[in-house]
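Values quoted throughout were computed directly from the atomic coordinates according to the rules given, and no laboratory measurement underlies them. All figures in this text were calculated on a predicted structure; none of them were measured in a lab. FYI the Cβ positions are ideal-geometry reconstructions off the backbone, even for glycines, and counts take in every protein chain you see.
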Amino acid sequence: MKYSYYPGCTLKNKAQDLDRYARLSAVALGFELEEIPEWQCCGGVYPLGTDEIATKLASVRALNYAKTQGQDLVTLCSACHHVLKRVNDDMKNVEDIRTRANNYMQLDEPYAGETKVMHFLEVLRDVVGFDELAKLVKNPLTDRKIGAYYGCLTLRPGKILEFDDPENPQIMENFIKALGATPVIYSMRNECCGGYVSLKDPEFAKNRTRQIFENSTDFGADCLITACPLCMYNLNKSDSEAKVPVYYFTELLAEALGVKEEA
């Protein structure tokens with residue numbers, strides 16, 4: 001099975017290893033990520049202005065390309081997933097945005113939100129299945145206690161993203177179990193890390209990451225995983241005495257599947 005793949009800016013620059021881990025893991029699991037040609041930055045932030053259209057066009061181009069290929073669109077980055085999913089919802093349900101975007105782009109056929117947008121974790125859960133993933137693990141991550149850090153962007157707004165329960169998500173914990181490790185449940189796993197204000201108000205962001213590390217280690221986590229490059233960057237900058245290693249979920253997936261060294 002092939003998916004149209006939207007890597008996003010971070011995974012094509014400072015996080016190229018995370019991209020390679022995902023591509024090799026996908027092959028090991030029986031599907032392929034086919035990168036969208038000449039994709040453009042999604043903007044990283046969903047624009048809140050109701051009349052804003054220009055910053056949504058890059059997402060529409062990617063969504064429409066996946067439609068022309070007859071493929072679902074997959075991304076690894078929570079920020080990209082968030083923007084793509086919300087723009088897709090606009091194109092499906094907001095007539096003014098749909099009309100203006102299609103008029104501007106002059107597509108052969110108007111785009112109206114037909115593409116299904118999936119986070120890589122959703123492919124693992126809904127297509128591969130965590131039970132099947134567990135069978136394909138070659139290097140179980142036994143004796144590791146891993147805290148899942150969701151952050152904001154994969155979960156909210158819940159009715160549009162439909163990724164998991166925003167208040168009590170389980171997808172990353174089930175992913176951790178499939179890899180043979182023990183998931184650690186802690187209260188700040190779905191709270192904001194302060195990533196978007198790390199330049200404007202670095203002390204606020206540092207305080208948030210301290211709380212996340214302290215809370216997760218109090219519950220016994222010896223490392224954290226995330227699905228957001230911005231969260232990973234912000235957590236790694238923390239000066240908390242409770243700081244533990246932070247991994248992108250694709251790195252541990254590649255390790256468990258035995259393809260990390262190849263990457």
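For the chain, the longest principal axis of the Cα atoms and the long axis of helix 16-29 meet at an angle of about 90 degrees.
By the beta-carbon count within 10 Å of each Cβ, the least crowded to most crowded order of His119, His82, fewest first, is His119, His82. The packing ranking of peptides 93-105, 249-261, highest mean first, is 249-261, 93-105, where packing means the average number of other beta carbon atoms within 10 angstrom of each residue. Database remark: amide H of Met118 closer than 5 angstrom to the amide H of Leu73, Val74, Thr75 (H placed geometrically; neighbours at sequence offset of 5 or more, or on other chains; Pro and chain starts carry no H).
Order of Met1, Met118, Met91 from fewest to most other C-beta atoms within 10 Å? The order, fewest Cβ neighbours first, is Met1, Met118, Met91. For segment 134-229, the list of trypsin sites (Lys or Arg not before Pro) that fall in a loop by DSSP and count at most 10 other C-beta atoms within 10 angstrom reads Lys138, Lys200.
Cβ crowding within 10 Å ranks Asp143, Asp218 as Asp143, Asp218, fewest other Cβ atoms first. For Leu107, neighbours were defined as the other residues whose beta-carbon sits under 11 Å from its Cβ, and their charges (Lys and Arg +1, Asp and Glu -1) total 0. Computed on segment 129-257, with alpha-carbon pairs under 8 angstrom and 6+ residues apart, the relative contact order is 30 percent. Segment 1-48: which chymotrypsin sites (Phe, Trp or Tyr not before Pro) are DSSP loop and have at most 14 other beta-carbon atoms within 10 angstrom? Counting only loop positions with at most 14 other Cβ atoms within 10 Å, none of the chymotrypsin sites (Phe, Trp or Tyr not before Pro) in segment 1-48 qualifies.
Sparsely packed loop sites in segment 1-41 (the trypsin sites (Lys or Arg not before Pro) outside DSSP H, G, I, E and B with at most 11 other Cβ atoms within 10 Å) comprise Lys14. Rounded, prolate or oblate: which one fits segment 2-120, using the alpha carbon gyration tensor with axes a ≥ b ≥ c (rounded when a/c is under 1.5, else prolate when a/b beats b/c, else oblate)? Here segment 2-120 falls in the prolate category. Reducing segment 122-185 and segment 39-70 to their Cα centroids gives an inter-centroid distance of 27 Å.
Computed over the chain, relative contact order equals 20 percent, with contacts defined as Cα pairs under 8 Å that lie 6+ residues apart.
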